[in-house]
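Heads up, the thing below is written out as structure tokens.
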Amino acid sequence: MERRHEYATLIPAAHVNPGLSQIGVVVYDDGLFGDALIARCAAGLVASGYRLGGVVQSNAHRRGRRRCDMYVKDLMGGDEIKISLDRGNEARGCRLDPDAFARIDAWVERAVLERVDLLIINKFGKEEAHGRGLRPVIAEALIAEIPLVIGVSKQNLCDFLSFVGDSAKRLRPDVEAITAWCRNAIERGAHHRFQPRPSSVQA
């Protein structure tokens, strides 16, 4: 696991191709809207037969609660876990379950190792903005040349762009635009991976 942290600060420049965007970023003001949008896109791509990895988030409202319960689903294995702690209506500060993130990290790591068609990360959040969370495994996905879609709030956008450099394409926040980019990125990535190496071409 230690080897991953050498990539946590900045994506190596050798793995960034500004003319061939590998990252589609969905920028949002409302996190609930962003979660639902990305989840809808993922569901459509899975229904079309693409092999996805990563996580999407759903948010369930409960009567009498000001804030919703948050769940994330592993797109590769299908497991779903709750990531929010029930601390009551008057609680302040972070209410994310730290134990849940070890499982999320393992899900994303497995997807990268098995080279899925597309990796989806529902959120580049405060942990990632501060150099922690899923930041190392995001870098691994890019180095492995796996297309990536990620949701980013406007308040974390500067930190995200500092991390990925010029390798991100900002996507219009609607299902059709995001899905079209994903399909193109998957097909482009497959074409790139299966091109013969120069040494293997017969004269």
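The values are calculated or read from the model by the stated rules, or taken from the named source; none is laboratory data. Since this is a predicted model, take the numbers as computed values, not measurements. Methodologically, a virtual Cβ is constructed for each residue, glycine included, from the backbone with ideal geometry; neighbour enumeration extends over all protein chains shown. For accessibility, only protein heavy atoms count, side chains too; no ligands or nucleic acids. Shrake-Rupley method; radii C 1.70, N 1.55, O 1.52, S 1.80 Å.
Of note:
- Glu127 closer than 23 Å to Phe33 by Cβ and either under 12 Å from the mean Cα position of the chain (by Cα) or open to solvent by 40 Å² or more (accessible area, probe 1.4 Å) (or both): yes
- The sole residue among Ser58, Ser48 that is over 15 Å from the mean Cα position of the chain (by Cα), at negative phi and of a type in the set (Ser, Thr, Tyr) is Ser48.
- Pair list, Cβ < 6 Å and 6+ apart or interchain, from region 41-57 residues that are over 15 Å from Leu148 (Cα atoms) to residues that are part of a helix (DSSP H, G or I): Gly44/Thr179; Gln57/Asp35
- Selection within region 1-46 - out of contact with any Pro (no Cβ under 8 Å at 6 or more places or on another chain), at pLDDT below 50 and either among the polar types (S, T, N, Q) or buried (at least 18 other Cβ atoms within 10 Å of the Cβ) (or both): Thr9, Ile11, Val16, Asn17
- Scanning region 130-158 for residues that are touching a His at 6+ places or on another chain (Cβ under 8 Å) and either open to solvent by 30 Å² or more (accessible area, probe 1.4 Å) or of a type in the set (Asp, Glu) (or both) returns Ile143, Glu145.
- For Ile178: the one exception among (1) modelled with pLDDT under 95; (2) touching a Cys at 6+ places or on another chain (Cβ under 6 Å): (1)
- From Val149, Val116, residue being within 13 Å of Val25 (Cα to Cα), in contact with a Phe, Trp or Tyr (Cβ under 9 Å, 6 or more places away or on another chain) and at pLDDT 95 or above: Val149
- Counting only residues that are at pLDDT below 90 and in a strand (DSSP E or B), region 61-75 holds 2 of them.
- For region 44-62, the candidate set comprises residues that are touching a strand residue (DSSP E or B) at 6+ places or on another chain (Cβ under 8 Å) and of a type in the set (Gly, Ala, Ser); within that set, the residue that is farthest from Ala141 (Cα to Cα) is Ala60.
- Gly49 satisfies every condition listed in (1) surrounded by 12 or more Cβ atoms within 10 Å (Cβ to Cβ); (2) under 23 Å from Leu113 (Cβ atoms); (3) modelled with pLDDT of 95 or more except (1).
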